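What follows draws every value from the coordinates through simple rules; no lab data is involved. Note that the coordinates shown come from a computational prediction; the quantities given were computed from them, not determined experimentally. Every residue, glycine among them, receives a Cβ derived from its backbone with ideal geometry; neighbour counts consider all protein chains shown.
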Amino acid sequence: MADARLSGIDTLRGLAITAMIAYHFMFDLWYLRIAEFDIMSLPLSVFQHSIGTLFLVLVGISLWLSESHNREGYAHHAKRAAFLAAVALSITVATWIYPHEGMITFGIIHCIALCVLLAPLFFRFGKLNALLGLLLIAAGFVVPAIQTDSPYLFWLGITTPDYTALDFYPIIPWLGVVLIGVFAGQTIYPGGRSINARKESRFSRAMAFAGRHSLAIYLAHQPILISILLAYKIFAA
């Protein structure tokens, strides 16, 4: 949807992927035991979830803009969801191989893939999406306390006591964040209309470029970071 893309959305997405790289760099330093600090500390936890929240709000806005300009109907979203599901499956396989422990079974790409399939079904609800989104987010404070022996409900946020994952974005509450994004898109860009582009700085152009290629950057940055840090460990030993 190149003609419908708003540079501001791309810039925000670029900022989000840049922040994610920064967080993953800190995570890798901790995971590879290169630096000692508490990766689960409140500031880093807030930082991590703020990044995910921004990404998923932008998913909702982008879905609305895409719906406003596509000619295939729901099939357009289904095709995108299938592509993202394939990418998500490759992430699961890769993390099963390495590091195996904490393999990603429902990370942010898995979540986005399912949200791309589900969120368009909510377009018709308009402003009600804000309420539905808030209800799902509120449910996210309750659902993790539910105990189950079933290993198949993790995608909802209902896990077994021994469930662990390096990246976990279940549908409850994160579909709620996407629906807030859908509401924001419908409110700010009714009919998917774009706005006149303002003169951009070099920084914003760089962030917009990163935003347009955020999936490729997401897939490439961790192997690059880990390779560099492993090489550092080897040569610094």
Assigning unit charges at the beta carbon (Lys, Arg +1; Asp, Glu -1) and nothing else, what dipole magnitude in debye, to the nearest 20, does the chain show about its Cα centre? 1020 debye
Quote the FRET efficiency, to the nearest 0.05, computed for residue 125 versus residue 41 with a Förster distance R0 of 30 Å and r equal to the Cβ-Cβ distance. 0.20
P(r) over all Cα-Cα pairs of segment 125-237, 10 Å bins from 0 to the longest distance, whole percent per bin, short to long, reads 11, 22, 27, 26, 11, 2
Can you compute the FRET efficiency between residue 75 and residue 216 using 1/(1 + (r/R0)^6), with r the Cβ-Cβ distance and R0 = 25 Å? Round to the nearest 0.05. 0.55
Isotropically averaged projected area of the chain, using the convex hull of Cα atoms (one quarter of hull area), nm²: 14.4 nm²
Taking only Cα atoms, what is the 0 to 90° angle, nearest 10, from helix 128-139's long axis to the longest principal axis of the chain? 20 degrees
Please give, to one decimal in nm, the separation of the simple spin-label points placed at residue 25 and residue 205, each 7 Å out from Cα toward the Cβ. 2.4 nm
Which order do the peptides 131-137, 34-40 take when ranked by the mean count of other beta-carbon atoms within 10 Å per residue, highest first? 131-137, 34-40
If each residue's Cβ is checked for other Cβ atoms within 10 Å, how do 92, 159, 148 rank with the fewest at the top? 148, 92, 159
With no solvent term and unit scatterers on the alpha-carbon positions of segment 58-109, Debye gives log₁₀ I(q)/I(0) at q = 0.20, 0.23, 0.27, 0.32 Å⁻¹ of -0.73, -0.83, -0.97, -1.15
